[in-house]
Amino acid sequence: MAAGGPPPDTGIFSDLSSNHWAYNSIMELVREKVLSGYPDGTFKPGNPVTRAEFSKCMVYGLGCRGMESNAAWRLKDVPENYWAKGVISIAVDKGYVKGKSGGIFDPDGKITGAELAAMLVRALPPGKRAKAESGPYWYSGSVQLAEENGLL
């Protein structure tokens, strides 16, 4: 790196330019402490989001980060020292996320659009979670409700 510090448009993340299409939204979520980037000083804006990472976003974004929970101990693939065990536990207890068959969570698996829509709908107030019409897929109702509530 040249003397004088980082280039002027990189801000706090070495790989996120102020010219990035989502820069302002990302930085707003960083200021709100919903997002934090990676320990190496990167944000990796092109990477897919994992189920654990989105669980953290949900828990922090909905103001639940101070809660205590041990629900992740029931999930076979979330080790005791896993970085997101606490937020996964909170998200499970709050009903925002569910495990997969066989008692696993797949924390490092990439979250799908269907899973994301389902998680967002589960976080809605009960009155807005009215039963959606079923559709051809397990996530049809969640996608419909997420769209109706401006979450997509």
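The values are calculated or read from the model by the stated rules, or taken from the named source; none is laboratory data. Since this is a predicted model, take the numbers as computed values, not measurements. Neighbour counts are summed over all protein chains in view; Cβ atoms, including those assigned to glycine, are modelled from backbone coordinates with ideal geometry. Heads up: the accessible areas ignore ligands, DNA and RNA and are worked out on the full protein's heavy atoms, side chains in. Shrake-Rupley method; radii C 1.70, N 1.55, O 1.52, S 1.80 Å.
From the helices alone, meaning DSSP H stretches of at least four residues, give me the mean residue ellipticity at 222 nm for the chain, per-run term -39500 (n - 2.57), in deg cm²/dmol to the nearest 500.
Details: 5 runs with 49 residues, N = 152.
About -9500 deg cm²/dmol.
Take every Cα pair under 8 Å in segment 8-152 that's 6+ residues apart, average their separations, divide by the length, and report that relative contact order as a whole percent. Provide the component values of the computation, followed by the final result.
On the way: 166 pairs, mean separation 24.8, N = 145.
The normalised contact order for segment 8-152 reaches 17 percent.
For the chain, what is the accessible area per residue in Å², given a 1.4 Å probe and the full set of protein chains? Show your work: numbers first, answer last.
On the way: 9420 Å² over 152 residues.
Accessible area per residue: 62 Å².
Give me, ordered by chain and number, the residues 5 or more places off Lys100 or on other chains with an amide H under 5 Å from its own placed amide H.
Here the answer is Phe105, since their amide H atoms fall under 5 Å of that of Lys100.
Can you give the FRET efficiency for Asp108 and Arg129, using 1/(1 + (r/R0)^6), R0 = 41 Å, r = Cβ-Cβ distance, to the nearest 0.05?
Values: r = 28 Å, r/R0 = 0.69.
So, using R0 = 41 Å, E works out to roughly 0.90.
In nanometres, what is the gap between the two model label sites at Asp40 and Arg65, each 7 Å from Cα along Cα-to-Cβ?
The two pseudo-label positions are separated by 2.4 nm.
Would you list which lysines come within 23 Å of Lys98, measuring only between C-alpha atoms, while excluding same-chain residues fewer than 8 positions from it?
Leaving aside lysines fewer than 8 places away in the same chain, those within reach of Lys98 are Lys56, Lys76, Lys85, Lys110, Lys128, Lys131.
Out of the total accessible area of segment 1-127 (probe 1.4 Å, heavy atoms of protein only), what percent is carbon and sulfur?
That share works out to 56 percent.
For Thr50, which sequence-distant residues (separation of 5 or more, or a different chain) have an amide H within less than 5 Å of its own amide H, given hydrogens modelled in the peptide plane?
For Thr50, whose amide H was placed from the backbone, the distant partners under 5 Å are Ile111.
Length gain on complete extension for the stretch Asn47 to Ser17, per 0.36 nm per residue less the alpha carbon to alpha carbon distance? Walk me through the intermediate numbers first.
Working: separation 30, 0.36 × 30 = 10.80 nm, distance 1.52 nm.
Additional length available on full extension: 9.3 nm.
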